[in-house]
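Here is the structure we will look at, set down as structure tokens.
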Amino acid sequence: MNGSTAVADNYLSHGRGFRSWFFTLDHKRIGVMYLASIFFFLILGGFFAMLIRTELLTPGRTIMDADTYNQVFTLHGAVMIFLFIIPGIPAAFGNFVLPVMLGAKDVAFPRLNLLSYHLYVVGAIFSVVSILLGAVDTGWTFYTPYSTTTHTSVVSMTLGAFILGFSSIFTGINFIVTIHRMRPPGMSWNRLPLFLWALYSTAIIQILATPVLGITLLLLIVERLLGIGIFDPALGGDPVLYQHFFWFYSHPAVYIMILPAMGVMSELISVFSRKHIFGYKAIAYSSVAIAVLSFLVWGHHMFTSGQSDLGNMIFSALTFSVAIPSAIKVFNWLATMYKGSIRLDTPMLYALSFLLLFGIGGLTGLFLGALATDVHLHDTYFVVAHFHYTMMGGVLIAFLGAMHYWWPKMFGRMYSEKAGRLAAFLVFVGFNLTFFSQFVMGSQGMPRRYYNYVDRFQSYHVLSTIGAYVLAIAFVVLAGNLIHSLFRGRKAPANPWGSATLEWMCASPPPHDNFAEPPEAGDPYDLEHLVYDESIGGYAPRTAREGA
Amino acid sequence: MRRLENGAAHEIPHHFATPRQAYESGKLGMWIFLATEVLLFGGLFAAYAVYRGNHPEIFIYAHRFLDSRLGALNTLILITSSLTMAWAVRSAQLGNRRLLTLLLALTLLGGCAFLGVKVVEYEHKWKHGLLWGKRYRPHPAETAQEHPSAAEVLREAPLGDRTNIPPAAIGPSGLAFSADETRAGHADAEEPRNVQLFFGVYFAMTGLHGLHVVAGLLVIGWVFVRLRGGAYGPSNFEAVDRAGLYWHLVDLIWIFLFPLLYLIH
């Protein structure tokens with residue numbers, strides 16, 4: 001179509017050298033840098049996961065001693081949470097896609113956006129330095145009083161998380177302002193792509209919850225450095241108050257993770273079912289509902305911490321209520337697929353995995369939200385399996401789906417569909433092998449975070465470890481496929497999947513300024529008017545094809 | 001960069017279509033940022049509420065060591081500086097450069113005066129060992145002399161009876177004293193237990209607020225330095241406006257801190 005002009009100037013070829021990337025104000029380059037950094041930490045966190053699973057192959061010592069094991073599972077959690085999954089979809093794909101979806105040239109505050117990336121790098125450095133200074137062994141939650149007495153480098157790690165919080169806040173401010181002020185002509189709130197509704201809801205949580213984590217970690221740092229005593233029972237402080245503060249952020253934070261994933265799902269399900277999204281408003285408003293409810297459920301992490309019974313009951317009821325907007329989304333996705341013409345391309349395979357895995361993760365959350373069963377399941381592998389089904393089966397799977405969906409747009413290359421599907425299949429199998437066995441052993445009483453265990457749990461642990469190795473192989477296939485595509489992949493057309501959102505209207509990869517003139521936005525899910533064109537290997541509007 | 005139609009020296013970033021869009025985006029962004037600041041302090045206000053709710057006796061006793069006259073003076077100073085700041089924004093809008101310079105200087109002066117008074121207060125606490133957590137080492141004789149009102153509180157009512165945490169036999173264990181401990185420990189007690197909690201909260205809140213005053217001064221100082229280049233005018237007063245919003249927030253937080261910490265009954 002316009003292949004030659006696209007090659008002449010796109011955002012990738014616009015300026016060369018380290019500085020043109022590291023100090024760029026272009027949201028697309030910032031998105032790509034985020035993607036690379038985040039993927040690096042995904043691999044690092046995955047490496048720690050492999051160490052954990054290998055250690056747990058046998059009871060007692062397998063490859064490391066107990067103290068090292070404590071450090072490794074803490075690092076796995078902290079790296080995955082703060083460096084991969086929280087920034088994950090919003091910072092990498094949100095940054096790249098949001099302005100283009102709006103037909104805008106950039107986010108509202110490009111400098112703030114760059115600052116957010118630089119803060120991410122600084123925060124990451126603090127976290128990595130803490131590994132060298134004596135890795136933290138508190139678990140990623142840094143619970144007091146242990147976190148104020150351990151000799152590991154809690155200050156460096158929490159300072160890292162504090163700085164990463166600022167990075168997250170700045171991304172949130174940018175997204176809210178951009179969505180409010182920079183929508184193109186014709187894009188009313190009810191024509192906003194659902195991915196943007198999800199990012200908007202995410203941003204609300206980012207700006208309202210993250211500061212509370214900030215003050216919590218600051219108090220923890222001051223506690224360690226100066227002994228301010230606010231969380232120290234010996235000085236009259238209350239360690240459970242730390243848990244309240246921590247979860248006031250960290251429970252909403254799991255929705256910072258899952259909401260963008262749900263936004264990705266809405267795009268994928270509609271596009272690959274070749275059908276208009278079902279229940280647009282229900283999906284959009286349920287994102288906002290989740291954002292609001294997310295602030296009211298933190299107490300369910302403290303059912304066994306000596307919270308009052310009344311408090312427990314209220315938090316339990318509110319926890320159940322989050323299931324409603326989540327289920328609204330799932331049923332609307334299913335209704336979208338109903339009688340659609342479903343194409344099983346790689347992104348759709350991830351979307352289908354998400355539906356199943358997030359379904360299991362969400363429903364097992366209800367077991368844990370119920371007071372009586374929670375007492376039994378609390379701090380067992382059941383909890384570990386539950387949040388891996390939501391966070392990995394949900395967010396990571398959607399992240400991979402998003403990566404395969406937008407990859408042609410970001411880099412202008414198509415990957416091998418065959419290898420992509422193989423990787424998706426391996427991820428699905430490996431994941432279930434790893435974590436379903438954990439549901440079983442958890443319900444039988446295997447506690448989380450333990451270094452040693454009784455022999456009867458060993459078969460589950462072995463299954464789980466084999467699953468983890470399958471996942472590792474899957475990631476090798478996946479990364480190999482994507483990297484291979486950069487060099488050998490077929491050139492991507494502007495619209496390979498037949499999506500109707502605006503980012504597919506500009507070339508792949510997009511030019512430096514995205515759009516010369518703001519495009520007219522229509523219904524983002526009106527897929528009918530797009531038809532496949534053999535000559536360009538992608539989709540084009542029906543009228544243009546008939547004209548040609 | 002695109003210039004305004006009227007040829008003003010002021011440029012808007014290329015990704016905005018109109019100056020109005022640029023102005024409103026900046027304003028919205030600033031307000032959202034202020035919301036995050038409120039929540040940052042929100043954590044400390046929550047800690048204050050929890051500890052004061054559970055241990056009113058500590059707060060009633062310990063707040064007497066704060067000098068409410070100095071606190072009131074600081075409140076006055078900050079409110080005045082907010083006035084000069086708001087006036088500065090107005091004079092930037094009207095293009096009155098001389099008045100703008102004067103008012104910004106006054107605002108800076110107010111912020112510095114606030115910090116000066118704060119230093120006097122902190123020094124006093126430091127001298128008497130009235131510090132946070134594990135650094136709390138009061139000198140009872142001296143402080144009793146200097147703060148007769150605190151001793152009065154002790155005489156008026158036995159403090160142990162006032163804690164809202166029920167004795168361990170009734171309520172959950174943990175922070176609570178056992179019934180015996182309460183009676184024995186406080187019959188002739190000199191002060192309630194865990195007074196350091198109050199000073200922990202006091203230093204955390206005023207310290208974080210002080211850092212925000214410093215940040216505010218840096219921002220206003222930056223605006224002030226750019227004055228010489230003639231950076232502001234009726235069509236370009238955003239920077240003054242944003243700095244003003246931030247300063248008002250810093251002021252507002254102090255307006256809550258002052259009664260909560262100094263004026264307890």
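Okay, here's what the table says:
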{"read-out": "Cα-centred dipole magnitude for the stretch A:412-548, charges only on beta-carbon of K, R (+1) and D, E (-1), debye, nearest 20", "value": "980"}
{"read-out": "Residues whose placed amide H lies under 5 Å from that of A:Thr380, excluding near-sequence neighbours", "value": "A:Arg448"}
{"read-out": "Mean Cβ count within 10 Å, highest first, over the residues of peptides A:285-296, A:320-331, A:482-493", "value": "A:285-296, A:320-331, A:482-493"}
{"read-out": "Loop trypsin sites (Lys or Arg not before Pro), the stretch A:59-167 (other Cβ atoms within 10 Å of the site Cβ: 13 or fewer; DSSP)", "value": "A:Arg61"}
{"read-out": "Label-point separation in nm, A:Phe425 to A:Asp65, each point 7 Å along Cα→Cβ", "value": "4.6"}
{"read-out": "Farthest toward positive dipole pole in the protein assembly as shown [+1 Lys/Arg, -1 Asp/Glu at C-beta], among B:Val38, A:Ile125, A:Val375", "value": "A:Ile125"}
{"read-out": "Nonlocal amide H pairs with A:Val531, under 5 Å, H built at 1.01 Å", "value": "A:Ala540, A:Arg542"}
{"read-out": "For residues of B:45-57, the mean tally of beta carbons on other chains within 10 Å", "value": "2"}
{"read-out": "By accessible area with a 1.4 Å probe, ligands and nucleic acids excluded, highest first: order of A:Ser127, A:Ser443", "value": "A:Ser443, A:Ser127"}
{"read-out": "Helix runs (DSSP H) in chain A reaching 30 Å along axis by Cα, Kyte-Doolittle at least 1.0", "value": "A:27-55, A:110-132, A:154-181, A:194-226, A:239-272, A:309-337, A:346-369, A:458-488"}
{"read-out": "Percentage relative contact order, chain A, counting C-alpha pairs under 8 Å, at least six apart", "value": "18"}
{"read-out": "Computed [θ] at 222 nm, deg cm²/dmol, chain A (DSSP H ≥ 4; -39,500 (n - 2.57); rounded to nearest 500)", "value": "-21500 deg cm²/dmol"}
{"read-out": "About the Cα centre, charge dipole magnitude for chain A (Lys/Arg +1, Asp/Glu -1 at Cβ), debye", "value": "1020"}
{"read-out": "Positive dipole terminus of the protein assembly as shown, leading residue within B:Ile264, A:Phe109, A:Phe315 (C-beta point charges)", "value": "A:Phe109"}
{"read-out": "Dipole of chain A, positive end: most advanced residue of A:Ser37, A:Pro325, A:Ser20 [Cβ charges, Cα centre]", "value": "A:Ser20"}
{"read-out": "Within the stretch A:316-429: Cβ-based charge dipole about Cα centre, in debye rounded to nearest 20 (Lys, Arg +1; Asp, Glu -1)", "value": "560"}
{"read-out": "Relative contact order (%) - the stretch A:258-391, alpha-carbon pairs under 8 angstrom, separation at least six", "value": "34"}
{"read-out": "The stretch A:388-540: relative contact order in percent, alpha carbon pairs under 8 Å with at least 6 residues between", "value": "29"}
{"read-out": "Residue mean of other protein chain beta carbons inside 10 Å, A:206-217", "value": "4"}
{"read-out": "Inter-chain Cβ neighbour average for residues A:245-255, partner chain, 10 Å", "value": "1"}
{"read-out": "Debye log10 I(q)/I(0) at q = 0.06, 0.10 Å⁻¹ for the protein assembly as shown, Cα point scatterers", "value": "-0.44, -1.13"}
{"read-out": "With all protein chains modelled, accessible area of A:Arg274 [1.4 Å, Å²]", "value": "50"}
{"read-out": "Estimated vicinal HN-Hα couplings, Hz - the stretch B:46-60 in sequence order (Karplus 6.51, -1.76, 1.60; Gly, Pro = x)", "value": "5, 4, 4, 4, 5, 6, 6, x, 7, 10, x, 4, 5, 5, 5"}
{"read-out": "Total accessible surface hidden between B and A, rounded to 100 Å², 1.4 Å probe", "value": "2900"}
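The values are calculated or read from the model by the stated rules, or taken from the named source; none is laboratory data. All values reported here derive from a predicted model rather than from experimental measurement. Note that each Cβ is placed from the backbone with ideal geometry, even for glycine, and that neighbours are counted across all protein chains shown. Areas reflect the complete protein model, heavy atoms only, side chains present, ligands, DNA and RNA absent. Shrake-Rupley method; radii C 1.70, N 1.55, O 1.52, S 1.80 Å.
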